[in-house]
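The next block holds one structure in the form of structure tokens; read it before the comments.
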Amino acid sequence: MKKFLSKFTGRRRGVDDLVFDTLNVIFMVLLVVVMLYPMINTLAISFNDATDTVRGGIHLLPREWTTYNFEHVFGEAQVLQAGIISILRTVIGTSLSVFCTAMVAYTISRQYFVLRKFTTLIFVLTMYINGGLIPTYLLMRELSLIGTFWIYVIPHIVGIFQLIVTRSFIEGLPETIFESARIDGAGEWTQFIKIALPLSLPVIATIALFFAVFQWNQWFDVFIYNSSYPNLSVLQYELMKVLQNSNASLGSGSAAGAFAASQGGVVQTVTPQAVRAAMTIVVSVPIICVYPFLQKYFVKGLTLGGVKG
Amino acid sequence: MSLQQTPTPTAPNPSPKGSVKNPTGFKLFLRRCKEQRVLLYMSIPFIIWLIIFRYLPVAGWVMAFQDFRPARPMFEQDWAGFKHFEFLFTDPRFMEVMRNTLAMSFINLILGFVTAISLAILLNELRNVTFKRIVQTISYMPHFLSWVVAAGLVSAALSMENGIINIILTNIGIIDRPVMFLGIGEYFWGIIGLSDVWKNVGWNSIIYLAAITMIDTEQYEAAEIDGASRLQRIWHITLPGMRPVIVILLIMNIGYILESGFEAQYLLMNPMNMDYAENLDIFVLRYGINMGNFSLATAAGMFKTVVSFIFLFSANSIAKKLGEARLF
């Protein structure tokens, strides 16, 4: 037992230490279970026959394997359309935001820039002052952005937190590189494109992740501005509608409102619960697959922003 | 286009001492603007963007003092004075909304701080680096999920039919039969607090872990030689070492005291728990967007921002007086 434990805990010094380390490892294992169980359970339900799920008892693995829930979800034109918009807003929104934020960050990282202090101040102030929902809504209406795709992109082209993180990073780059470029006749634009951007890749990866997660997870702007434009809906909003509908039937059986479809003689059904599980997996998998690979970048980026911001 | 208009390399020295002409004040400013026009082209479009999208809505606060009708232009509205504020502060529903907002953000603040700091300390005590990294990676996962997904997972876990929480609690005998957790208003604040911890504890611990790694390791060695136990080392070295970061984050979070979150409450709310779930943001949404009472909703939103600002500055100056780290 002792040997087994020391595998996890490494070196140990006394009995106290051993007890502490053991409890700590047990706690961490519990934490991991709590973090992962809801997602694994949802995954199991999404691959389990919907009518069988109602019987209960599905925890970590599906009991009656089926891909029908996903077929049903992807069979809906509305979901496919929402998926396209989700991907578009993530790709376009992220690339535009990263480029614009990095550009502003470059200008305010130049110590000699005349508007450096002013620009920094008015950007940082917006972290604490905002007009709120209603004035913003009316502004979007005045600008005729409601009912367009651009309402997902234009209001977010510069992220304040991302700006501060990027500025701190560029300020940390050795000034001599920029100086020698200037001696070689490089203008500000060249210095930004050819030096600042390539050398800032770690921080660019970080802010790209932040923007991408924001765009992919956003549903509120769809709900507020574009709820009457179904062709501009996104996956998260479709999931939200499924969720609200099954919340509305809270208390009544989750088999209520089951859809049935005949497929080659076999009747297969889906329930709101199964649809919800399959949709949850569809919207979560892209993010879960991406973030672990960017971990070292965002940990560094977050620390940088936190210390200097 | 003459050749001279190609971007000239700008001199990084703010005062050109050696130059023949030595202009001062506004003239110098203009000259430097001309020199740095590429930097200006790169930033001014975004300054204009910022003013339109972030500062113009603040000017919309004027609506809080009007009886705003959307069909008319902004300055041809009927003035209402402080009518909407008077209505808010005498409205029993608004008082309930304030209670919910303060309660939920206070619970989230305390719970969030304690759990994130504890997790950072415990992660730091793990000796196996690989195990530590795996735990960390998994603990960040919920942060990247949307609140829509998180709320779905929470309501599934709390569900009366096969919800894992009900299954565990009935099996260990704490409750006799399944409880409809989301149908009981009194439980709502706790549910929000714990959901928030589940979603963000790993993420929030990053900054504290970074603070711990900045602590001088010699202190730990010295304490070990003096025979200090693990818990003593945590209490006397790790915690004091994290103090500046804790104070700064506390100030920042006190500035957001009326910001109890919106998505979690909105998505987990139902008619049964609404009296405990409705917070300021939902109130603004309900009055403004759903009922079209723009002026009242703006008044409530303005109240939120102004109070947050006051809280932020008070917390900052208190920290300053106590000689602690501060935000600005």
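Quick notes
- Degrees between helix A:160-171 axis and first principal axis of chain A (Cα, 0 to 90, nearest 10): 50 degrees
- Approximating the spin labels as points 7 Å out from Cα along Cα→Cβ, the B:Met291-to-B:Arg127 distance works out to 6.3 nm.
- Per-residue [θ]222 nm for chain A (sum of -39500 (n - 2.57) over DSSP H runs n ≥ 4, rounded to 500): -20500 deg cm²/dmol
- Cα-based shape type of segment A:18-145, given that a ≥ b ≥ c are square roots of the gyration tensor eigenvalues and the cut on a/c is 1.5: oblate
- For B:Gln66, the residues 5 or more places off, or on other chains, whose built amide H falls under 5 Å of its own are B:Ala80.
- Of B:Met63, B:Met242, B:Met180, the residue with the greatest mean-square motion in the GNM of chain B, using alpha carbon springs below 10 Å, is B:Met180.
- Pairwise centroid distance, computed over Cα atoms, of segment B:248-321 with segment B:205-239, Å: 37 Å
- Cα shape, chain A, gyration tensor, a/c 1.5 rule: oblate
- Per residue, segment B:137-237 exposes 46 Å² of solvent-accessible protein surface, assessed with a 1.4 angstrom probe and all protein chains in place.
- Using a probe radius of 1.4 angstrom, the carbon and sulfur fraction of the accessible surface of the protein assembly as shown is 67%.
- Label-point gap, in nm, between A:Val124 and B:Lys83 - each point 7 angstrom along Cα→Cβ: 4.2 nm
- Amide H contacts under 5 Å for A:Asn48: A:Thr66, restricted to partners 5 or more places along the chain or on a different chain, H placed in the peptide plane at 1.01 Å from N.
- Helix A:116-125 vs. chain A, principal-axis angle (Cα, 0 to 90°, nearest 10): 30 degrees
- Within the shell defined by Cβ-Cβ distances under 15 Å, the residues around A:Arg182 carry a net charge of -3, with Lys and Arg each +1 and Asp and Glu each -1.
- Packing, taken as the mean count of other beta carbons within 10 Å per residue, orders the peptides A:229-235, A:18-24, A:75-81 from highest to lowest as A:229-235, A:18-24, A:75-81.
- Cα gyration tensor shape of the protein assembly as shown, rounded if a/c is under 1.5, else prolate or oblate by comparing a/b with b/c: oblate
- Computed over protein heavy atoms with a 1.4 angstrom probe, the accessible surface ordering of A:Lys241, B:Lys304, largest first, is A:Lys241, B:Lys304.
- Label zone (A:Ile92, point 7 Å along Cα-to-C-beta; backbone nitrogen cut-off 11 Å) within segment A:138-155: A:148-154.
- Full-extension gain in nm, A:Leu23 to A:Gln78, via 0.36 nm per residue minus C-alpha separation: 14.9 nm
- Taking the longest Cα principal axis of chain A as reference, the axis of helix A:201-217 is set at about 40 degrees.
- Fully extending the segment from B:Glu161 to B:Tyr41 would add 37.2 nm, taking 0.36 nm per residue of separation and subtracting the current Cα-Cα distance.
- What the Cβ-Cβ distance of B:Leu194 and A:Phe99 gives, at R0 = 41 Å and to the nearest 0.05, is a FRET efficiency of 0.55.
- Lysine pair count for chain B (Cα-Cα distance under 22 Å; residues 8 or more apart in sequence or on different chains): 5.
- The protein assembly as shown - charge dipole about Cα centre, Lys and Arg +1 at Cβ, Asp and Glu -1, debye rounded to 20: 1980 debye
- Highest mobility in the GNM of chain A, judged by mean-square fluctuation with C-alpha springs under 10 Å and restricted to A:Ala277, A:Ala208, A:Ala181, is found for A:Ala181.
- Shielding of A:135-145 by partner chains, average beta-carbon count, 10 Å: 5
- Take chain A with all the other protein chains still there, run a 1.4 Å probe, and you get 45 Å² of accessible area per residue.
- The mean count of C-beta atoms from other chains within 10 Å of the C-beta of residues in B:132-142, rounded to a whole number, is 5.
- Threshold 50 Å² - residues in segment A:173-194 whose accessible area is reduced by that much or more when the chain is no longer isolated, probe 1.4 Å: A:Arg182, A:Glu188
- Mean residue ellipticity at 222 nm, helices only, chain B: -20000 deg cm²/dmol; runs of at least 4 DSSP H residues each add -39,500 (n - 2.57), and the sum is divided by the number of residues.
- Ordering B:Ile289, B:Gly25, A:Ile154 by Cα displacement along the dipole of the protein assembly as shown toward the positive end leaves B:Gly25 in first place; charges were set at the Cβ atoms of Lys, Arg (+1) and Asp, Glu (-1).
- Averaged over B:44-53, number of beta-carbon atoms from partner chains that fall within 10 Å: 6
- Residue-by-residue Karplus 3J(HN,Hα) for segment B:92-107, coefficients 6.51, -1.76, 1.60, Hz, glycine and proline x: x, 5, 5, 5, 4, 4, 5, 4, 4, 4, 5, 4, 5, 6, 5, 4
- On association of chains A and B, roughly 8800 Å² of accessible area becomes buried (total for both chains; probe 1.4 Å).
The values are calculated or read from the model by the stated rules, or taken from the named source; none is laboratory data. Treat the numbers as computed from the prediction; the structure is a model and nothing was measured. When we count neighbours, we look across all protein chains shown, and the Cβ atoms used for this are built from the backbone with ideal geometry, even at glycine. Side chains included, ligands, DNA and RNA excluded: accessible areas come from the protein's heavy atoms. Shrake-Rupley method; radii C 1.70, N 1.55, O 1.52, S 1.80 Å.
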